[in-house]
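See structure below.
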Amino acid sequence: WLALTDFHDDLDAAARQDRPDFLCPVTAEIMRAPYLLVDGHESLHTYEYNVLVNWFITEGNDSDPVRNTRIEPARRNFISDGRLGREIRSWCEEKVRKWRQELKSQASASTDRAAARTDVHVFVDHSNALIGALKAGTKLDLARLAQCVEAGREVRERVVLGSLETERNRAAWEQLGYTVTADTRPGKEHLIDDALHAQLMRTAAKRFDPARVIALVTGDGNDNEGRTTFPQCIEEALKNDWHVELHSWRRSMNRVYVAFAEQYPTHFSFHILDSSLAVVAGWA
């Protein structure tokens, strides 16, 4: 299970849809160590082992966590459900194997698509990219990120916005040719997304023949408290015949972009940095 850490959230989501019997009824997460709660000779429910220990031993409860019916301590037992544990493990490993293969194929296909369109405008949400890298357990390499997103194309515009960490990396970004805007005040960013949205909208409102590409580095798809959002910026670009690429870390990408890819298959695509950066670095 530790080897599948990057996919835990996705596996839980997939199990909720396809295999709810793999979920602990208390945590609603996939069971790593499924154990049957037994009352005498009657098997009640299957739970994550740590949930049973915490419920009965640590907290001292004497009832079934789901049924809320009392169980005499002398009749209570926990029995490992090895068959279910093996089934869960096999299902998870197969899911992750398929996802990894899809990510690798997608990274290869995105390189081919990028080569077919030469003019690109790049916009980077640096804070979101940093958070995504942290979730992926890696350090954000700015040069490698730029190489991955630009993909050897003619870059017409390079824009990066972020917070204090962006300011600390200003020299590195500028060396790569990017215009940098940073909110250096401590704490939560102050309307920095709005500033990036404004620049995106200005570019998205233009039309070119042949059509150009907007490459957006972010996974943020939130409603932004009623103000302009990244999805709205993308929709504006699509109306004006732009091809839009979203480059995001897998665990930071809002699900709205999966729907975009299905709705606009010829003009919108998302590219997973976990896999794309590995290809650039020669890891895959």
Say R0 is 45 Å: what FRET efficiency, to the nearest 0.05, do Thr69 and Asp209 get from their beta-carbon distance? 0.05
What trypsin sites (Lys or Arg not before Pro) does segment 1-76 have in DSSP loop regions with at most 14 other beta carbons within 10 Å? Arg67
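Quick check for me: using +1 on Lys/Arg Cβ and -1 on Asp/Glu Cβ, what's the dipole size of the chain about its Cα centre, in debye to the nearest 20?
Numbers: 36 positive and 43 negative charges, 120 e Å.
Dipole magnitude for the chain comes out near 580 debye.
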With the Cα gyration tensor of segment 147-244 giving a ≥ b ≥ c as the square roots of its eigenvalues, does the rule (a/c under 1.5 for rounded; else a/b larger than b/c for prolate; else oblate) give rounded, prolate or oblate? oblate
Quick one: which residues, 5 or more positions from Ala215 or on another chain, have an amide H under 5 Å from its amide H? H modelled 1.01 Å from N in the peptide plane, none for Pro or chain starts. His121, Val122, Phe123, Glu245
Modelling each spin label as a point 7 Å along the Cα-to-Cβ direction, I'd like the Gln101/Val256 distance in nm, to one decimal. 3.3 nm
Full-extension gain in nm, Asn50 to Glu94, via 0.36 nm per residue minus C-alpha separation: 13.3 nm
Where in the chain is the longest stretch that carries no chymotrypsin sites (Phe, Trp or Tyr not before Pro) classed as loop by DSSP and with at most 16 other Cβ atoms within 10 Å? 2-207
Placing +1 on the Cβ of each Lys and Arg and -1 on the Cβ of each Asp and Glu in the chain, which of Gly226, Trp55, Leu142 has its Cα farthest towards the positive end of the resulting dipole? Leu142
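Per residue, how much accessible surface does the chain expose to a 1.4 Å probe? Answer in Å², no decimals. Before the final figure, lay out each step's value.
On the way: 14890 Å² over 284 residues.
Here the per-residue accessible area is 52 Å².
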Low-density loop trypsin sites (Lys or Arg not before Pro), segment 189-266, at most 11 other Cβ within 10 Å, DSSP non-H/G/I/E/B, are Lys206, Arg207, Arg227, Arg255
Please give me, ordered by residue number, the trypsin sites (Lys or Arg not before Pro) of segment 135-170 that lie in loop per DSSP and have at most 11 other Cβ atoms within 10 Å. Lys139
Calculate, axis by axis, the spread of Cα positions in the chain along the three principal axes, and write the results as whole Å, longest axis first. 76, 40, 34
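The values are calculated or read from the model by the stated rules, or taken from the named source; none is laboratory data. Remember, predicted model here, so these are calculated numbers, not experimental data. Every residue, glycine as well, gets a Cβ built from its backbone with ideal geometry; the counts of neighbours run over all protein chains shown. Only protein heavy atoms, including side chains, enter the accessible area calculation; ligands, DNA and RNA are left aside. Shrake-Rupley method; radii C 1.70, N 1.55, O 1.52, S 1.80 Å.
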